[in-house]
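Take a look at the structure set out below.
The values are calculated or read from the model by the stated rules, or taken from the named source; none is laboratory data. Quick caveat: nothing in here was measured; it's all calculated off a predicted structure. Note: ideal-geometry Cβ built from the backbone for every residue, glycine included; neighbour counts use all protein chains shown.
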Amino acid sequence: MKENYNSFNYWENVLRENKNRRAHVLMQKLPTEKSVYFHTILFGKKNGIHNMWGYVPNIKGLVGYLQYPFLQEAFYRWVHGKDRIISQIPHMTIDKISKEGEKAKKITRETAINMRRDYDFLNSLWALPHDRIKMELEKFIIDFNRRWIGNNQRFIYIKVFNTPEEVGEFVISSSLITSTEKEFENKIGMTIEEWREVCKFAISNSDKGELFKEVLRKKLSEVY
């Protein structure tokens, strides 16, 4: 399928044909110099934590992923996840999700406007050069995390990385806040130094790249 990241129909087809989690639908190939990496968390008291790690082929792949499948799932869970278990995310536009949520009085008008505003901002990035997209996306994510920090009932979080090594160091530091070194090493199936080696050569060595991909998909990404 031709990649058209700025297309509702493209993502509808990708999600329908791909049995992987949404965060992993563009991870068929190993990471390259152009890849961009991300960590997202969707939390809802009734639906638990969706803790996802992944990467996309390039910066426009990231814009597309955030604008379409990520916001779609995040905002649908925000609207409907407070009062029921969400097992399927319907393929709906952000406009429809926000308007239906406001009409049903599940969200305020301000929240509905913020949902559409976030979508519209991501949509505005397509016309920009790559360097400008990165700069604007960094500012957007800071504002986005502040806006959707929520409370002990629900929140949404995004973090973006430029290299596998950045991912690796963040994984180590954040994991050791709540786990011991041994627990972390058991989780990823290798020592910290071996993990650093995998991240260092994830782009230049296909075996390391495959291992890096599998750790993100199967060891770090989890729903609980």
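Of the residues making up the range 74-88, those that are surrounded by fewer than 20 Cβ atoms within 10 Å (Cβ to Cβ) and touching a residue at least 24 places away in the same chain (Cβ under 8 Å) are 82, 83, 84, 85, 86. Contact annotation: residue pairs with Cβ atoms under 6 Å, 6 or more positions apart or on different chains, pairing a residue in the range 9-26 that is farther than 25 Å from residue 215 by Cβ with a partner that is assigned to a loop (DSSP other than H, G, I, E, B) and modelled with pLDDT of 85 or more, are 10/4; 12/91. Scanning the range 40-57 for residues that are free of Cβ contacts under 8 Å to residues at least 40 places away in the same chain and surrounded by fewer than 18 Cβ atoms within 10 Å (Cβ to Cβ) returns a single hit, 46.
Condition (residue is without any contact (Cβ under 8 Å) to a residue 60 or more places away in the chain, surrounded by 15 or more Cβ atoms within 10 Å (Cβ to Cβ) and in contact with a Leu (Cβ under 6 Å, 6 or more places away or on another chain)) applied to the range 96-105: is it met by at least one residue? No: the range 96-105 contains no residue that is without any contact (Cβ under 8 Å) to a residue 60 or more places away in the chain, surrounded by 15 or more Cβ atoms within 10 Å (Cβ to Cβ) and in contact with a Leu (Cβ under 6 Å, 6 or more places away or on another chain). Highlighted here are the helices (runs of 4 or more DSSP H) found entirely within the range 1-108 that include at least 1 residues which are small (Gly, Ala, Ser): 59-65, 71-80, 94-103.
Criterion first (surrounded by 15 or more Cβ atoms within 10 Å (Cβ to Cβ), without any contact (Cβ under 8 Å) to a residue 24 or more places away in the chain and either in the same structural domain as residue 99 (by TED's automatic domain parsing) or closer than 20 Å to residue 52 by Cα (or both)) does residue 125 satisfy it?
The answer is no for residue 125.
Looking at the range 135-182, which of its residues are outside any helix (DSSP H, G or I), out of contact with any helix residue (DSSP H, G or I) (no Cβ under 7 Å at 6 or more places or on another chain) and farther than 17 Å from residue 216 by Cα? Residues satisfying the conditions are 148, 149, 150, 151, 152, 153, 155, 179, 180. Among residues of the range 169-214 being buried (at least 19 other Cβ atoms within 10 Å of the Cβ) and in contact (Cβ under 8 Å) with a residue 40 or more places away in the chain, the one that is farthest from residue 27 (Cα to Cα) is 171. Mind listing just one residue for me: the one in the range 15-35 that is under 15 Å from residue 217 (Cα atoms) and at pLDDT 95 or above and, of those, surrounded by the fewest Cβ atoms within 10 Å (Cβ to Cβ)? Per the stated criteria, the residue is 30.
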